[in-house]
Amino acid sequence: MTTSLKSRKQEFARDAIFEAAIDLFVRKGFQETNVEDVATAAGVSRRSFFRYFTTKDHLLGHNIVRHGDILVSAVAACPAESTAKEVVRDAILAGLAFSTSHPRTRQIIAITARNLSARRAHRSRMVDVEIRLAEAFAARTRNETKDDTWPRLLANLTLMTGDLALAGWFKGEFDDFSEGTDHVFALLSKVLCEPKELGTSGAPQTRKSKPPSTKKGKIPGRAASAV
């Protein structure tokens, strides 16, 4: 058996287990479903289950690996002259296109919304994606690594904005995910750029302007990045 054929068969088996598990999580509940239930529903042995997934939690985040591949590829594919915002936005849209086209996405969102353990399991897989994404952003700069603040900031901004836009899409707040992405960016711009505070009622409160500082020196701005 060639390596590619073996790999395809393994991926087929992994997907079959994942599909059976999601059906059980929806019908029976995440907490109430055990590994034996999933293995039986998928038509495999308990031993075969552990050949593909280490735990039930690991299984729930199966599609996150593919989602991470999409994000990393999108960052790498952006032209060298792209601004940081353009790269982040392109990566978000690529990730959302994948997520919203997958038939199981709505079910997974519903499962994680109902169960804290499921939500923690799902989010725990995002740590690897965050690291890979930070590496992809760092690769676009001259002398930064995945552990530096700038690549990590862009990675987290990509994941956070994408997550919020996906939640808005799920709840029907936007006609499409690109509209949701632009909405989140607009809100983020308000938070960072407009001199407003949140009062006790939650309504934005205009902050009184302060006289310009007379201290010498300025906080240096960040030099233009290749990202």
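None of the figures in this text is laboratory data; all of them are computed from the coordinates on show. Keep in mind that what you see is a predicted model, and the values were worked out from it rather than measured.
Which of the residue pairs LYS9/LYS56; LYS28/LYS190; LYS28/LYS171; LYS6/LYS171; LYS28/LYS146; LYS85/LYS171 have a Cα-Cα distance greater than 31 Å in the structure shown?
Too far apart for the 31 Å limit: LYS28/LYS190; LYS6/LYS171; LYS28/LYS146.
Please give the length that would be gained between GLU81 and GLU11 if that part of the chain were fully extended, namely 0.36 nm times their separation in residues minus their C-alpha to C-alpha distance (nm, one decimal).
Result: 21.5 nm gained on full extension.
Could you go through the stretch 158-174 in sequence order and give the Karplus-derived ³J(HN,Hα) for each residue, using 6.51 cos²θ - 1.76 cosθ + 1.60 with θ = phi - 60°, rounded to whole Hz, and x for Gly and Pro?
4, 5, 5, 5, x, 5, 5, 5, 5, 5, x, 4, 4, 7, x, 6, 10
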